[in-house]
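Following: one structure in structure tokens, then a few remarks.
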């Protein structure tokens, strides 16, 4: 097991591994407020959710995930537009995002924590 991991029959992050609740949500999909943040849709590989970047889907299809560092997003997104994208799958221009983008069921407080974490990324 790597540092910060423990548990049998699965992986569990121990308390204190993450510097913030936003970082915890980003890496694990769990919150100190809600240990099981649910989502619908999105690509899955071997039952693991895929993170940002370029992904090959099947034999031919590629998906390009957006750079989600806040320094990049802030030109298009504010907190409400970010919420609409993450929760409703709505692009800032009002169109629907690709169904490959998961829709997360998150509270305003958890979303604020994620934004605060994204702002710390270089």
Quick one: which of 73, 121 is within 16 Å of residue 21 (Cβ to Cβ), out of contact with any strand residue (DSSP E or B) (no Cβ under 6 Å at 6 or more places or on another chain), at pLDDT 90 or above and surrounded by 13 or more Cβ atoms within 10 Å (Cβ to Cβ)? 121
Filter result for residue 87 (touching a strand residue (DSSP E or B) at 6+ places or on another chain (Cβ under 7 Å), closer than 20 Å to residue 22 by Cβ and either modelled with pLDDT under 90 or surrounded by 12 or more Cβ atoms within 10 Å (Cβ to Cβ) (or both)): yes
Subset of the stretch 101-115 (residues that are surrounded by fewer than 18 Cβ atoms within 10 Å (Cβ to Cβ) and assigned to a loop (DSSP other than H, G, I, E, B)): 105, 107
State whether one or more residues within the stretch 29-48 are surrounded by 11 or more Cβ atoms within 10 Å (Cβ to Cβ), at pLDDT below 60 and either assigned to a loop (DSSP other than H, G, I, E, B) or more than 18 Å from the chain's Cα centre (by Cα) (or both). no
Within the bounds of the stretch 17-28, is there any residue that is under 23 Å from residue 120 (Cβ atoms), in contact with a helix residue (DSSP H, G or I) (Cβ under 7 Å, 6 or more places away or on another chain), at pLDDT 90 or above and not in a helix (DSSP H, G or I)? yes
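The values are calculated or read from the model by the stated rules, or taken from the named source; none is laboratory data. All values reported here derive from a predicted model rather than from experimental measurement. As a convention, Cβ positions derive from the backbone with ideal geometry for all residues, glycine included, and neighbour counts pool all protein chains shown.
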